[in-house]
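Everything on this sheet refers to the single structure shown next.
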């Protein structure tokens with residue numbers, strides 16, 4: 001998004017539009033345009049909102065918000081935020097009466113969720129809304145004008161309609177969640193997070209049954225409460241191509257703002273730990289112990305006088321906060337799980353995570369920690385196998 005008269009081509013972190021500097025109340029900030037349509041901007045308790053009259057379907061509007069540097073369609077958590085969006089819509093000069101917000105019940109009928117997965121703690125429906133008896137009305141907009149004189153005012157009230165209607169849209173830019181706080185997936189599962197260097201990781205394995213858009217995904221459970229879900233590689237990727245980039249750029253089945261890590265990103269994790277005192281025995285690559293959960297590992301059948309394996313002196317594990325538990329993997333040929341605490345074979349107990357990086361048309365890379373390995377490592381395995389998933393935040397840890 002650029003200002004019509006004085007943009008510098010850069011959207012600063014705390015400016016609503018490209019007005020040549022990062023001052024939110026600069027006179028040019030009211031001059032923002034999107035495809036020649038004016039957009040109105042306001043800040044409410046540190047949250048930036050922008051309301052644009054360009055006519056788009058709901059999903060296209062979500063993409064437009066992100067292309068403008070905003071996180072998503074607006075989620076509304078107070079009367080003050082709702083009033084601000086209503087006033088912004090009016091500020092657009094009456095060119096559009098209805099604007100998409102982030103609420104929808106696409107995944108489960110009559111269970112409305114915000115697209116950014118924030119809590120549904122404020123609602124402002126119009127009379128007799130929502131309308132679950134009307135099939136296909138899954139997405140929500142707000143009104144900004146009283147369109148039916150003599151009836152209940154529409155201003156600031158919400159209605160559910162088909163997601164394919166083309167109307168205006170409201171976007172938000174909320175302060176980034178600090179790494180170490182809890183995030184939530186589409187199912188409502190919560191995950192603690194941890195900062196390791198400039199990476200922000202989920203501290204527990206993914207266990208969702210829906211992608212970020214609410215589409216169902218196939219999750220297999222060896223013990224989902226203990227290990228998280230086990231998924232095939234194609235499920236994890238969710239239609240995305242292989243990547244070994246930094247970042248991988250593969251959201252897959254991770255929540256919005258998070259992605260499936262590439263092998264290269266996990267190698268950076270190992271390198272950081274080895275170079276910042278998280279190694280064991282003075283060997284920079286011996287960081288498995290720092291990544292492993294502090295408990296639950298099978299005994300080490302081999303000598304380990306330095307206690308550098310996850311199995312020995314387990315109370316000293318997990319100095320990094322990564323906390324990987326040994327959930328094993330699914331062998332599609334034998335049709336059973338191997339190497340979890342319940343399915344140990346040949347004294348081997350290991351944790352496996354899929355990466356976004358394939359080897360060839362039939363195999364992709366696992367990241368692996370074993371109870372008697374000093375070093376974490378990678379191994380190629382059939383894409384039809386099942387392993388756990390850890391998501392990595394798109395933005396660097398603050």
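Exactly one of these conditions fails for residue 213: (1) touching a strand residue (DSSP E or B) at 6+ places or on another chain (Cβ under 9 Å); (2) modelled with pLDDT under 95; (3) within 26 Å of residue 118 (Cβ to Cβ). Give me its number.
Looking at each condition in turn, residue 213 falls short on (1).
Go through segment 249-259 and give me each residue that's over 10 Å from the mean Cα position of the chain (by Cα) and modelled with pLDDT of 95 or more. Don't jump to the end; show me each part of the working.
Filtering segment 249-259 down to residues over 10 Å from the mean Cα position of the chain (by Cα) leaves 249-250.
Listed by number, the list holds a single entry, 250.
Against the condition out of contact with any strand residue (DSSP E or B) (no Cβ under 8 Å at 6 or more places or on another chain) and part of a loop (DSSP other than H, G, I, E, B), how does residue 307 come out, does it pass?
Numbers: out of contact with any strand residue (DSSP E or B) (no Cβ under 8 Å at 6 or more places or on another chain): no; part of a loop (DSSP other than H, G, I, E, B): yes.
The answer is no for residue 307.
Can you work out which of the residues in segment 236-287 that are without any contact (Cβ under 8 Å) to a residue 24 or more places away in the chain and more than 19 Å from residue 355 (Cα to Cα) is surrounded by the most Cβ atoms within 10 Å (Cβ to Cβ)?
279
Is it the case that residue 384 is closer than 21 Å to residue 202 by Cβ and either touching a strand residue (DSSP E or B) at 6+ places or on another chain (Cβ under 8 Å) or part of a loop (DSSP other than H, G, I, E, B) (or both)? Even if it seems obvious, please write down each step before you answer.
Working: closer than 21 Å to residue 202 by Cβ: no; either touching a strand residue (DSSP E or B) at 6+ places or on another chain (Cβ under 8 Å) or part of a loop (DSSP other than H, G, I, E, B) (or both): yes.
When the stated conditions are applied, residue 384 does not pass them.
Examine segment 272-279 for a residue that is in a loop (DSSP other than H, G, I, E, B), in the same structural domain as residue 232 (by TED's automatic domain parsing) and in contact with a strand residue (DSSP E or B) (Cβ under 7 Å, 6 or more places away or on another chain), and state whether such a residue exists. Full working, then the answer.
Within segment 272-279, the first condition is being in a loop (DSSP other than H, G, I, E, B), and the residues that meet it are 276-279.
Subset that is in the same structural domain as residue 232 (by TED's automatic domain parsing): 276-279.
With in contact with a strand residue (DSSP E or B) (Cβ under 7 Å, 6 or more places away or on another chain) added as a condition, the list becomes none.
No - not one qualifying residue is present in segment 272-279.
Condition check: touching a strand residue (DSSP E or B) at 6+ places or on another chain (Cβ under 7 Å), within 14 Å of residue 171 (Cα to Cα) and at pLDDT 85 or above. Does residue 116 satisfy that? Break it down stepwise before answering.
Details: touching a strand residue (DSSP E or B) at 6+ places or on another chain (Cβ under 7 Å): yes; within 14 Å of residue 171 (Cα to Cα): yes; at pLDDT 85 or above: no.
Here the answer is no, as residue 116 does not meet what is asked.
This table checks each residue for (1) modelled with pLDDT under 90; (2) under 26 Å from residue 162 (Cβ atoms); (3) assigned by TED's automatic domain parsing to the domain that holds residue 213.
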| site | (1), (2), (3) |
| --- | --- |
| 15 | yes, no, no |
| 30 | yes, no, no |
| 39 | yes, yes, no |
| 50 | no, yes, no |
| 69 | yes, no, no |
| 83 | no, no, no |
| 91 | yes, no, no |
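The values are calculated or read from the model by the stated rules, or taken from the named source; none is laboratory data. In this text, all values refer to a predicted model and were calculated from it rather than measured experimentally. Here Cβ is always computed from backbone atoms with ideal geometry, including for glycine, and neighbour counts include all displayed protein chains.
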